[in-house]
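Worksheet: the structure to be examined is printed underneath.
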Amino acid sequence: MPSVKGAPLLPLEIRSLCYRAGEETLLDKIDLFIETPGISVIMGANGAGKSLLLRIVHGLLEPQSGEVRWHGSTMDETLRRRQGLVFQKPVLMRRSVAANIDFVLKPMGGQYRQRRDQLLRQAGLARQWNQPARLLSGGEQQKLALARALATNPEALLLDEPCASIDSASTLQIETLLRDTRERGVKIILVTHDIGQAHRLADDVVFMHRGRILEHSPASRFFDAPVSTEARAYLDGEIIV
């Protein structure tokens, strides 16, 4: 797999971001600055605004106010093509496993079959290459969605709860693939509610509550000494509302 040098999309800068649905404010005055490579984990209870923020960062939704900039530029189609996004529920084509990857690779030219086979091996899907993608198990579908996102050689990879409701073996394979991807210099932003997964993968943590960012710090500092009362309660397994 080709390597990615540096992180030319960084820094990611979000200023005074607000998003409302009707009269309800879902994201409230979000300010965030991410300049380091590695895996940034966005955590928080259900309804905190994590998935919504990820979609805005990728340019799928427009905020009512504020701005998102990647390396000083606002989102456009060129910037979006330099990123990959994996949803919590995989969106796959009604084709075989291999054809889902081919669809992405063919327009890029070259020896795409070799690249496809490499991606399927890394995702643990080599034996299922000819199966209908939508008949795979939940974990297998998620691995395929991740492999397809990586097929474009993204410089940034955004993932929304990629391991929710899948088996442990698939979770392990996905986490291994994410570590390998990080080592190639790809910036990863991962939304997860799984504290154990955040411990295993995070280089830095963004903690959200009720549509706001309460803290952003290196992972070791966040897990050892969270600043906010809400983050401490969350890490202790308490229900926060």
Margin query: Test of understanding: what is the full-extension gain from Arg179 to Glu35, defined as 0.36 nm times their sequence separation minus their Cα-Cα distance?
Written below: 50.0 nm
Item checked: Two-site label geometry, Asp117 and Leu172: point separation in nm, points 7 Å out along Cα→Cβ -> 2.7 nm
Next item on the list: Arrange the following residues from fewest to most other Cβ atoms within 10 Å of their Cβ: Leu60, Leu32, Leu178.
Entry: Leu60, Leu32, Leu178
Note to self: Charges on Cβ only, +1 for Lys and Arg, -1 for Asp and Glu, centred on the Cα centroid of region 1-132; of Ile42, Trp129, Leu92, which one is farthest towards the dipole's positive end?
What the structure shows: Trp129
Next item on the list: Just the ratio, please: alpha-carbon radius of gyration of region 1-94 over 2.2 N^0.38 Å, N its number of residues.
Entry: 1.16
Note to self: Using Cβ counts within 10 Å as a stand-in for footprinting exposure, how do Val241, Val206 rank, fewest first?
What the structure shows: Val241, Val206
Item checked: Along principal axes, Cα extents of the chain, largest first, whole Å -> 50, 37, 36
Notebook entry, point to check: When the chain is modelled as a GNM with alpha-carbon springs shorter than 10 Å, which of Gln197, Gln142, Gln83 fluctuates the most?
Noted result: Gln197
Check: Can you give the FRET efficiency for Arg15 and Asn46, using 1/(1 + (r/R0)^6), R0 = 22 Å, r = Cβ-Cβ distance, to the nearest 0.05?
Finding: 0.25
Next item on the list: Would you please state which residues of region 175-214 a label at Ala164 would reach in this model, taking the label point 7 Å out along Cα→Cβ and a backbone N cut-off of under 18 Å?
Entry: 175, 189-199, 206-212
Check: Relative to the present Cα-Cα distance, how much length would full extension add between Ser65 and Arg95 at 0.36 nm per residue of separation?
Finding: 6.8 nm
Item checked: region 210-215 - phi-based ³J(HN,Hα) in whole Hz, Karplus 6.51/-1.76/1.60, Gly and Pro as x -> 6, x, 10, 8, 8, 7
Note to self: What are the ³J(HN,Hα) couplings of region 221-238, residue after residue, when phi is run through the Karplus curve with 6.51, -1.76, 1.60 and θ = phi - 60°? Round to Hz, x for glycine and proline.
What the structure shows: 5, 4, 6, 7, 8, x, 7, 7, 4, 5, 5, 4, 5, 4, 5, 7, x, 7
Next item on the list: Determine the dipole magnitude for the chain: charges of +1 sit on the beta-carbon of Lys and Arg, -1 on that of Asp and Glu, nothing else is charged, the reference point is the Cα centre, and the result goes in debye to the nearest 20.
Entry: 1180 debye
Next item on the list: Select from Glu230, Glu183, Glu23 the residue whose mean-square fluctuation is largest in a Gaussian network model of the chain (Cα-Cα springs shorter than 10 Å).
Entry: Glu23
Note to self: Can you compute the helix-only [θ] at 222 nm over the chain? Use -39500 (n - 2.57) per DSSP H run of at least 4 residues, normalise by all residues, nearest 500 deg cm²/dmol.
What the structure shows: -9500 deg cm²/dmol
Next item on the list: Go through region 140-150 residue by residue and turn each phi into a ³J(HN,Hα) via Karplus (6.51, -1.76, 1.60, θ = phi - 60°); whole Hz please, and just put x for glycine and proline.
Entry: 5, 4, 5, 5, 5, 4, 5, 4, 5, 5, 6
Next item on the list: Name the residues whose placed amide hydrogens come within less than 5 Å of the amide hydrogen of Glu215, ignoring near sequence neighbours (fewer than 5 apart) on the same chain.
Entry: Phe207
Margin query: Connecting C-alpha atoms closer than 10 Å in a GNM of the chain, tell me which of Gly59, Gly84, Gly22 has the biggest fluctuation.
Written below: Gly22
Item checked: Taking the C-alpha atoms of region 38-138, convex hull volume expressed per residue in Å³ -> 164 Å³
Next item on the list: Can you grab the distance from the C-alpha centre of region 190-241 to the C-alpha centre of region 45-63, Å, no decimals?
Entry: 17 Å
Item checked: For region 164-241, Kirkwood radius (reciprocal of mean inverse C-alpha pair distance, Å) -> 13.7 Å
Margin query: Can you tell me the orientation of helix 112-122 relative to the chain, as the angle in degrees between its alpha-carbon axis and the longest Cα principal axis, to the nearest 10?
Written below: 60 degrees
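Rule-based calculations on the coordinates, nothing more; no lab input. This one's a predicted model, so the numbers in the text were calculated from it and none came from an experiment. When we count neighbours, we look across all protein chains shown, and the Cβ atoms used for this are built from the backbone with ideal geometry, even at glycine.
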